[in-house]
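Structure first, commentary second.
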Amino acid sequence: MNDTTTALAEPTEHGPDPSPSPPAPPPAEPVERRPTFADLGLSDPVLRAVAEKGYLHPTPIQEQAIPYVLMGRDVLGAAQTGTGKTAGFTLPLLDILSGSRARARMPRSLILEPTRELALQVAENFVLYGKYLKLTHALLIGGESMSDQRDALTRGADVLIATPGRLLDMFERGLVLLTDAKYLVIDEADRMLDMGFIPDVERIVGLLPRNRQTLFFSATLLPEIRRLADQFLQDPKEISVSRPASVATTIAERLVLVAEHDKREALRRMIRTEEVQNALIFCNRKRDVDVLNRSLLRHKFSVGALHGDLAQSVRFATLERFKAGELKLLVCSDVAARGIDIGGLSHVFNFDVPHHAEDYVHRIGRTGRAGLEGHAFTIATPEDRYAVGQIEKLIGHAIPQIPVEGLDPVDWAEEEGGGRRRRGRASGGAPKRATDRRRAAAKPDAAEAPKPERKSREASRPARARRPAEEAPATPAPPRERRREEDLGPAVVGFGDEVPAFMLVQARPARAARPAQGEGEP
């Protein structure tokens, strides 16, 4: 039997059929079979741990990356936030490392993360998915006891999860050797670029053996990121599961345009009217996080604060309370915008429009994960027109704008040349502060008053300095010589009259030498 035998036979023309049969229904489209984790070549202990978490089908980045990692290829992965990049390298590394054990202070693999929160999350994944494997890990992050981290390295670590700064600190103290690390993972490379960690990363990579497998993951593939990838990777398999800096289709985006002084009121009204189960509220500055947190506490909201100036223990405790549902709202800076996996997050509020358009994608990527529906609201002021335009240009679509009931509508501020925003005035052109109002009130009077003409330097000179030419003497006076006698008197020879007194003392005459004892005696 060949392929031609399975095709439908075309009707032959033998005349009309006396008893025509009803038309046959169109053939059903074949249902595409979704791959499972078992199809990716993972071992039974790893599959058992994954199944206990309720996961059956891998995400696109996991489906494409895991087989190549198991093959030993370098991988350059680009995927939007929330697509499962962490499991894309965690699961195959568990399989690869399960064959042998690590020696003291010589980890077998290294995972670099830009923040402590991301490092903690990766460590949790290794514990979760490696529960049936006898593998050890060490966590090197700031804000934790260095003695405990030293003890973990001394016992031997199959997986070393670290931030660049603490890792270099431990290396310079002689507490860790990287000559046996045959597997390197650089996670959130674009975030490391933003935080200025690339020189440290380049130094760390120089300490590793050249014969290694490198996995390079980033949310965006900027030209700088590609340059680093060319520097660190050898013949990598590039995997990109979505358009760079795209927003997940499960996220409903909304934009709210209000005056600067109405931002907090707009946020409170949206929290009350929306069905918010839990939400992250992002601010651009750490001090604004504290201010907004205190404001929401005064209005009886269940809220906590998270930013980089807080102690590590406080940050960890606050994040755990939010994950456990003890806190409904979490006001944070961008330190929590990358890779923090908070299951079932319903809303994200951008209290401030982010300075960088890429941060918008990472912020709202905390919601709408694992196929769940998410909501993202951005509160903008008239002066944020340029920043919002850059975000819409990056994501490729306009953000729908909605009003807030009870607040006065405003318009975008006018833009000056070069795309720069006009600062200090609202959309209606009225001054925003009292000082501006006073200046505006004084402006007409200042415009009517004639400006005094500036006198030239020649006109400002005294009249005697401008002697007419006919009054000038016939014979010009010889140039006046400045003689020393007129100011300092005659030239001084030596010390002059100011001779120090000790130099005027007469020298004592030399005494006659005493005759030696015994001389001159009869």
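Here, each number is a calculation from the coordinates, and none is a lab measurement. The structure presented is a predicted model; accordingly, all values stated were derived computationally and were not measured. In this analysis, Cβ positions are derived from the backbone assuming ideal geometry, glycine residues included, and neighbour counts consider all displayed protein chains.
Miscellaneous remarks
- Cα lying deepest toward the dipole's positive end in the range 161-264, options Leu178, Gly206, Thr163, charges on Cβ: Leu178
- Under 5 Å between amide hydrogens, built in the peptide plane, is the criterion, and for Ile111 it picks out Leu160, Ile161, Ala162, Val185 among residues at least 5 positions away or on other chains.
- Distance between the pseudo-spin-label points of Asp180 and Glu414 (7 Å out from Cα toward the beta carbon): 7.0 nm.
- Amide hydrogen proximity for Glu238: with H placed 1.01 Å from N in the peptide plane, the residues at 5 or more positions away or on another chain lying under 5 Å are Leu76.
- Under the simplified labelling scheme, the Asp44-His299 pair shows an inter-label distance of 5.7 nm, with each label point 7 Å from Cα along Cα→Cβ.
- At an R0 of 51 angstrom, the distance between the Cβ atoms of Glu498 and Arg101 translates into a FRET efficiency of 0.05.
- By average C-beta atoms within 10 angstrom, highest first, the peptides 204-211, 376-383, 139-146: 376-383, 139-146, 204-211
- Unsatisfied cross-links (Cα-Cα over 31 Å) in the set Lys134/Lys328; Lys237/Lys286; Lys85/Lys131; Lys300/Lys393; Lys85/Lys300; Lys182/Lys328: Lys134/Lys328; Lys237/Lys286; Lys300/Lys393; Lys85/Lys300; Lys182/Lys328
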